[in-house]
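See structure below.
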Amino acid sequence: MLVTTQAFSFYNGSSRAVTSITTLTCYGASKSDCVSELVNTSIQPRQRGTVETDLVLPRGVNDYVVKCRVTFAGSSTPVNCPNEVATPLRQNVLYRISASDGGITGQGVTEIDACDVNNDACCNANDFSVVATKYAEEINPTEQNASDINGDGIINGFDLVFTQANFGKGQGCRLNLAPELNPELRREP
Ligand SMILES: [Ca+2]
Ligand SMILES: [Ca+2]
């Protein structure tokens, strides 16, 4: 069994506390084998909180879909996260979401997509540079910034580590790409 992490950065702009976040990760040919993980939390109104869940997947499972649900104080009906995150290889998933009394906005992305700060489909030194130039910048709790990769409200070494850990990964990388991520290389003999 191998562990991946689902990390949530959550701004609670609603009038009720967030009491738990549940992730549901499904795999298999029809994505019908699922494991779920519930984490209790207490993110009060007008606060930002971060929550991490470890997700244990069977060995050999690399292709899966992550969904999540959020439960608010006083409600027994969880609210679905805005999107599902599909990944063809094992990696962490990061959610940067906000709640209001009208619902939940924001999105979850794979770690590789999150590291692609300049949005050119490749995580490399250019993304590292973008993050580095914003070093120590603080992000208002109600806002999100691509360079705050882990969504904790400050751009710093933790975000730089994310870009370094994913150098050369992404569908748009031409050079020094890990073979399992590059369809062109995979087709070569
Ligand atoms: Ca990039
Ligand atoms: Ca950060």
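Only the coordinates and a few stated rules stand behind these numbers; no lab work does. Given the structure is predicted, the values throughout are model-derived calculations rather than measurements. Please note: Cβ atoms are built from the backbone with ideal geometry, for glycine as well, and neighbour counts cover all protein chains shown.
Taking amide hydrogens as placed 1.01 Å from N in the peptide plane, the amide H of residue 47 sits under 5 Å from those of 12, each at least 5 positions away in sequence or on another chain.
For segment 125-142, backbone phi angles converted through the Karplus equation (6.51, -1.76, 1.60; θ = phi - 60°) give residue-by-residue couplings of 4, 5, 5, 4, 5, 4, 5, 4, 5, 9, 3, 6, 5, 9, 10, 3, x, 7 Hz, Gly and Pro being listed as x.
In loop segments of segment 1-84 as defined by DSSP, the trypsin sites (Lys or Arg not before Pro) with at most 13 further C-beta atoms inside 10 Å of their C-beta are 46, 59.
The charge dipole of the chain, taken about its Cα centre with unit charges on the Cβ of Lys, Arg, Asp and Glu (plus for the first two, minus for the last two), comes to roughly 380 debye.
Judged by the gyration tensor of its Cα atoms, with axes a ≥ b ≥ c, the chain is oblate; a/c meets the 1.5 cut and b/c is at least as large as a/b.
Rounded to the nearest whole Hz, the Karplus-based 3J(HN,Hα) values (6.51 cos²θ - 1.76 cosθ + 1.60, θ = phi - 60°) of segment 73-81 follow the sequence 4, x, 10, 9, 9, x, 9, 5, 5, with x at glycine and proline.
What residue among 133, 41, 105 shows peak mean-square fluctuation when the chain is described by a Gaussian network model with Cα springs under 10 Å? Taking springs between Cα atoms under 10 Å, the residue moving most is 133.
Near residue 156: Cβ cut-off under 13 Å, other residues only, Lys/Arg at +1 and Asp/Glu at -1. The net charge is -4. Checking every one of the GluC sites (Glu not before Pro) in segment 106-170 against DSSP loop status and a limit of 15 other Cβ atoms within 10 Å picks out 137, 143.
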